Amino acid sequence: MHLTRKEEKMYQGEFGPAIEKSMEILVALGDIYGAEGMVEIVSAQISGVSYKTIGEAGLEYLEDLAREGAHVKVPSTLNPAGVDLDNWKTLGFPEEFVEKQLLIVEAYCKMGISTTCTCTPYLVGNVPPLGSHIAWSESSAVCYANSVLGARTNREGGPGALSAAICGRTPNYGYHLDEERIPNLLVEVETPLKGSDYGALGYLVGKSVGSGIPYFKLKSRKQGKTGVNNLKALGAALASSGAVALYHVENITPEYKSASENLEMLEKISIASADLEETRGTLSMYKDKPDLVCLGCPHASLEEINEVAQILKGKTLANKLWVCTSISVKAASDRMGYTQIIENAGGHVVCDTCMVVAPIEEMDFKVIGVDSAKAANYVPSMCGLDVVFDDWQNLIDFKN
Ligand code: F3S
């Protein structure tokens, strides 16, 4: 792998041990994947934040890096942590876990990384422009960045994204290259989509396409609003049942024109409403109302929180409700009065964490209701709890 003179010096340790260690990781990745050189990045998004996922070894690694003076060179944000960093006590997070979690976030903070802790950094100002090179590691955010923003990133692991942020560059291979952004599966969706259908569609297609690139033809642009919220749900599900990092949607995503050049040569699948119905069935282990409903996977937008607030207005919930989001979106929700409406109904707008990376299995919940196919896929394996997948309006239950 070719390194510039400056990169060679970074690799040899002339800029200190943190950069040396990080360059070693980047060079090793570049060698494995056959990169010819490095490319400079403009943004990083770093996973490996929850104590539940990185444990003691991860915490030590981060504290060592911070001690060695590591500091990021590009705007960088964190993936969700294991707890709501401000309201962990009210929400009942275990104290021992919280102590460790706070140390992890502190180490990242020392490196200059924004501790917004969200999987939707594109909703809170980390919005790289079309064609820019970035190093993001949350799989749903990777899918969104490549597909909807048209930025370029591989599915980085936490250490790879952190190393890229510290060095300001990443190995130039995979989705950074034009020739690796061409679709290999045409998906014709024959049914109108709404709500959690986007997640079910993503889950189904992710299973067939694996690490490939699907090109979606939706039946009509009038089939529901295919806006930010639907695209984030679609990408999250694609990235969880498969290893998708990029998809195209005809007339919607920015690279669909160049991606449509040889569509007639592609393998094709058609998706009907019965296919989505069947997928919904496989994602739900349980039919009754859940004891905890967890929305915001990926983290909720202000618009989604508003939709929940409007339905909850003046009512009292019979089951518990978390609407997971970032601290920034919650601040806007507080100001708009949505948080207060949700709290009055007995629910919570939960920041910095989510139903998968929080230790909910230690918090006395048994059945979790989700409207996200990604969450439905991971809650059983990551938390050992039963899951119900449906539109959120069907999951919540009222006392009055
Ligand atoms: Fe985000 Fe957690 Fe879902 S990190 S995409 S809310 S599993």
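The values are calculated or read from the model by the stated rules, or taken from the named source; none is laboratory data. Note that this is a predicted model, so its numbers are computed, not measured. Using ideal geometry, Cβ is built from the backbone for each residue, glycine included, and neighbour counts are taken over all protein chains shown. Note: accessible area is taken over every heavy atom of the protein model, side chains too, but ligands, DNA and RNA are not part of it. Shrake-Rupley method; radii C 1.70, N 1.55, O 1.52, S 1.80 Å.
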Handout entry: Qualifying aspartates and glutamates (Cα of each under 17 Å from Cα of K52; at least 8 residues distant if same chain)
Key = E60, E63, D84, E95, E96, E99, E106, E138, D352, E361, E362, D364
Exercise for the section: Using Cα centres only, tell me the gap between the stretch 336-400 and the stretch 252-299 in whole Å. Expected result: 20 Å
Completion exercise
Rounded to the nearest 5, the percent of DSSP beta bridges in the chain running antiparallel is 10 percent
Exercise for the section: Which order do the peptides 103-111, 352-360, 295-303 take when ranked by the mean count of other beta-carbon atoms within 10 Å per residue, highest first? Expected result: 352-360, 295-303, 103-111
Handout entry: Surface share of carbon and sulfur [accessible, 1.4 angstrom probe, percent] for the chain
Key = 49 percent
Problem - Partners for K287 among lysines (Cα-Cα distance below 22 Å; same-chain residues under 8 apart left out) - result: K194, K320, K366, K374, K399
Fill in the blank from the handout: Once Lys and Arg are counted +1 and Asp and Glu -1 for all other residues with Cβ under 12 Å from that of M111, the total becomes -1
Problem - Length added when fully stretched, M363-N262, from 0.36 nm per residue minus Cα-Cα - result: 31.2 nm
Exercise for the section: Skip the ligands, DNA and RNA, and give the accessible area per residue of the chain with a 1.4 Å probe, whole Å². Expected result: 41 Å²
Handout entry: Cut-off 13 Å between beta-carbons: net charge of the residues surrounding G235, Lys and Arg +1, Asp and Glu -1
Key = +2
Problem - Computed magnitude of the charge dipole of the chain (debye, nearest 20; Cβ of K, R +1, Cβ of D, E -1) - result: 980 debye
Handout entry: Inter-site label distance for K315 and D178 at 7 Å from Cα along Cβ, in nm
Key = 5.2 nm
Problem - Protection-proxy order for peptides 279-289, 170-180, 240-250, each taking the mean of Cβ atoms within 10 Å per residue, highest first - result: 240-250, 170-180, 279-289
Handout entry: For the stretch 318-397, size of Cβ-based charge dipole, Lys and Arg +1, Asp and Glu -1, in debye
Key = 220 debye
Handout entry: Simple spin-label estimate for K287 and C109 in nanometres, 7 Å along Cα-Cβ
Key = 4.9 nm
Fill in the blank from the handout: Per the rule of 0.36 nm per residue minus the C-alpha distance, extending E95 to E277 adds in nm 61.4 nm
Exercise for the section: Measure of size requested: the Rg and Dmax of the stretch 11-109, with Cα atoms as the atom set and Å as the unit; please supply both. Expected result: 15.8, 51
Handout entry: Selection from G384, I341, A274, by position along the positive dipole direction of the stretch 241-400 (Cβ)
Key = I341
Handout entry: Stretch gain in nm, segment Q393-E68, where the contour uses 0.36 nm per residue and the Cα spacing is subtracted
Key = 112.1 nm
Problem - Inter-label distance for Q340 and I32, nm, one decimal - labels placed 7 Å from Cα along Cα-to-Cβ - result: 5.1 nm
Exercise for the section: Just name one of F365, P254, L85: the one whose Cα is farthest towards the positive end of the charge dipole of the chain (beta-carbon charges, Lys/Arg +1, Asp/Glu -1). Expected result: P254
Exercise for the section: Would you please put 258-268, 341-351 in order of how densely packed they are, using the mean number of other Cβ atoms within 10 angstrom per residue and starting with the highest? Expected result: 341-351, 258-268
Completion exercise
The size of the Cβ-based charge dipole (Lys, Arg +1; Asp, Glu -1) of the stretch 5-177 about the Cα centre, to the nearest 20 debye, is 520 debye
